[in-house]
Amino acid sequence: MRTFFTVLIFGILMTGCKPKSQKIDIPAPKNQAYVEDFLNLNDTVYYDKVMGALVGSAIGDAMGASTEMWHRKDIQLQYGYINGLTPLVRDQSPEGPWAHNLLAGATTDDTRWKYLMGKYFQSHKEDLSASNFAAFISSYHSSLTNELGEKSIQKNPDSLDAQIEKIDWIKEWAKVATAFQKDSKTYVEAQNRFYGGEMSCAGQLYTSMFGLIAKSPSEAYELAYQHSLFDIGYAKDISSLVSVLTHMAMRTQSMDSILNTVAFVDPKRYQDSRLIGRIPYALLDNAQKSVRSIKQQLLVDSLIVQDSITFKIPKGFEGSPTNWARQEMVYQMLEKEQRAIAFHSAEIWQILVTALEFGQGDFEKTMQFIVNYGRDNDTVAAIAGMILGAKVGYHNLPDDLKEEVLRVNKENLGIDLEALAREIASIEK
């Protein structure tokens, strides 16, 4: 018995002396927005940046409109090196110009979408939502089809053709918007056959506009994401990042700060994707490394001139042979990454971020780089033009380009960009 009590007491003493285990918790980092403070610009600066964004986008659209979908070698044969506005000599089409052979400064659907978004902002400024956006697109399509019943249109074949072309432009979009309002199954089916079910740049045509009215980069992303009804997969991420870049351009003159937001604004956690990661960020990272590497290469003008086949300098290029050789090398790098269609979302994004890195904030240099590369150059230039226009403001855009684009769009196309800028600027009042 004595042995039993001895063991019991010893056990109790040992238990009491045993150190208690402590729970150690090293907390995971908190996800924070790249910039948390709200955009706060005075009325004059804000209007100038909105105006700069709209006109800058229209300049890019107009500069690329005459050679949209061309190969860069064909551009050089026809125009040499484009460094300004050229007459829009091409056939009318629903996605392109709505009339044959327009004046230099005329634009295409890229600018029409910005105009349409401005009207959406005005009519739904208290409630910008996916459902309201879908209803807005459906309503616009219905208004166009209803006008076909007007006698003035029915009696005039030319007016009838013009109206049908407008309907053809928005028809694909209306199919998805209408399906979105029905049920998820119908919507997914319509979304996955939108323009053949390809990963198109649909959202990038209009999502940059949200960057102008958002209060923060995160809000710019979220607004764009929920309105990307026509995108699938990582195309939604790209469309949202276009909005973020535009918003950041409203805040800073630093191209590094603008582009670096891609790494920090990721509310949907695309970077967590197993095996794949975040495709838009990977494309940006590769573009920056490639452009910087090419710019650092030591090239000798005398050697470049001898290589007349690879580095033949097009007429109108104002830089040195070394500058052209570097630009041509970047073009060749981009050509290796071309997708099956020129308006593929990833290709548009890749050309965009490459051009922004190459141009380093220089509006004309960036526009010329994009337009002379070809492919879907008016769309890429329109996006880049909005970002850089928001960055520098209307007053810093090239006078000859902005004045001509303003005039032609207002007088010949009925798109008053100045009035649109006032409408958007007044939303914040």
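The values are calculated or read from the model by the stated rules, or taken from the named source; none is laboratory data. All values derive from a computational prediction rather than experimental measurement. Here Cβ is always computed from backbone atoms with ideal geometry, including for glycine, and neighbour counts include all displayed protein chains. Keep in mind that these areas ignore ligands, DNA and RNA; they rest on the heavy atoms of the full protein, side chains included. Shrake-Rupley method; radii C 1.70, N 1.55, O 1.52, S 1.80 Å.
Yes/no per residue for (1) open to solvent by less than 30 Å² (accessible area, probe 1.4 Å); (2) under 23 Å from THR207 (Cα atoms); (3) in a helix (DSSP H, G or I):
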residue: ASP91; (1), (2), (3): no, no, no
residue: ALA104; (1), (2), (3): yes, no, no
residue: THR107; (1), (2), (3): yes, yes, no
residue: LYS114; (1), (2), (3): yes, yes, yes
residue: GLY118; (1), (2), (3): yes, yes, yes
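The set of residues from segment 156-195 being farther than 18 Å from SER228 by Cβ, without any contact (Cβ under 8 Å) to a residue 24 or more places away in the chain, open to solvent by 60 Å² or more (accessible area, probe 1.4 Å) and assigned to a helix (DSSP H, G or I) comprises PRO157, ASP158, ASP161, ILE164, LYS185. For segment 221-237, the criterion of being open to solvent by 30 Å² or more (accessible area, probe 1.4 Å), touching a helix residue (DSSP H, G or I) at 6+ places or on another chain (Cβ under 7 Å) and among the charged types (D, E, K, R) is met by at least one residue. Return yes when VAL7 is out of contact with any strand residue (DSSP E or B) (no Cβ under 7 Å at 6 or more places or on another chain), open to solvent by 40 Å² or more (accessible area, probe 1.4 Å), part of a helix (DSSP H, G or I) and modelled with pLDDT of 95 or more and no when it is not. No, not satisfied. Candidates TRP349, TRP324: the one that is within 25 Å of ARG292 (Cβ to Cβ), in contact with a Cys (Cβ under 9 Å, 6 or more places away or on another chain) and not aliphatic (A, V, I, L, M) is TRP349. Screening LEU128 against (1) in a helix (DSSP H, G or I); (2) open to solvent by less than 70 Å² (accessible area, probe 1.4 Å); (3) of a type outside the set (D, E, K, R) leaves a single unmet condition, (1). Once segment 323-351 is narrowed to residues that are touching a strand residue (DSSP E or B) at 6+ places or on another chain (Cβ under 8 Å) and open to solvent by 10 Å² or more (accessible area, probe 1.4 Å), the residue that is farthest from ALA381 (Cα to Cα) is ILE341.
Pairing each residue of segment 364-380 that is in a loop (DSSP other than H, G, I, E, B) with any residue that is of a type in the set (Gly, Ala, Ser) and open to solvent by 10 Å² or more (accessible area, probe 1.4 Å), provided the two are 6+ apart or on different chains, yields C-beta distances under 7 Å for ARG375/ALA342; ASP376/ALA342. Scanning segment 198-234 for residues that are under 22 Å from TYR47 (Cα atoms), hydrophobic (A, V, I, L, M, F, W, C), out of contact with any Gly (no Cβ under 6 Å at 6 or more places or on another chain) and in a helix (DSSP H, G or I) yields LEU205, MET209, PHE210, LEU212, ILE213, LEU223, ALA224. Taking segment 258-289 as the region of interest, how many residues are open to solvent by less than 40 Å² (accessible area, probe 1.4 Å) and part of a helix (DSSP H, G or I)? The total comes to 9. State whether one or more residues within segment 51-72 are assigned to a loop (DSSP other than H, G, I, E, B), open to solvent by 20 Å² or more (accessible area, probe 1.4 Å) and among the polar types (S, T, N, Q). Within segment 51-72 (the criterion being assigned to a loop (DSSP other than H, G, I, E, B), open to solvent by 20 Å² or more (accessible area, probe 1.4 Å) and among the polar types (S, T, N, Q)), the answer is no, since none of the residues qualifies. Test ALA355 against the stated conditions and say whether it is farther than 21 Å from LEU388 by Cβ, at pLDDT 95 or above and among the hydrophobic types (A, V, I, L, M, F, W, C). No; evaluated as a whole, the condition is false for this residue. Checking each residue in segment 137-155 for being touching a residue at least 12 places away in the same chain (Cβ under 8 Å), open to solvent by less than 60 Å² (accessible area, probe 1.4 Å) and either over 22 Å from LYS114 (Cα atoms) or not in a helix (DSSP H, G or I) (or both) picks out only LEU148.
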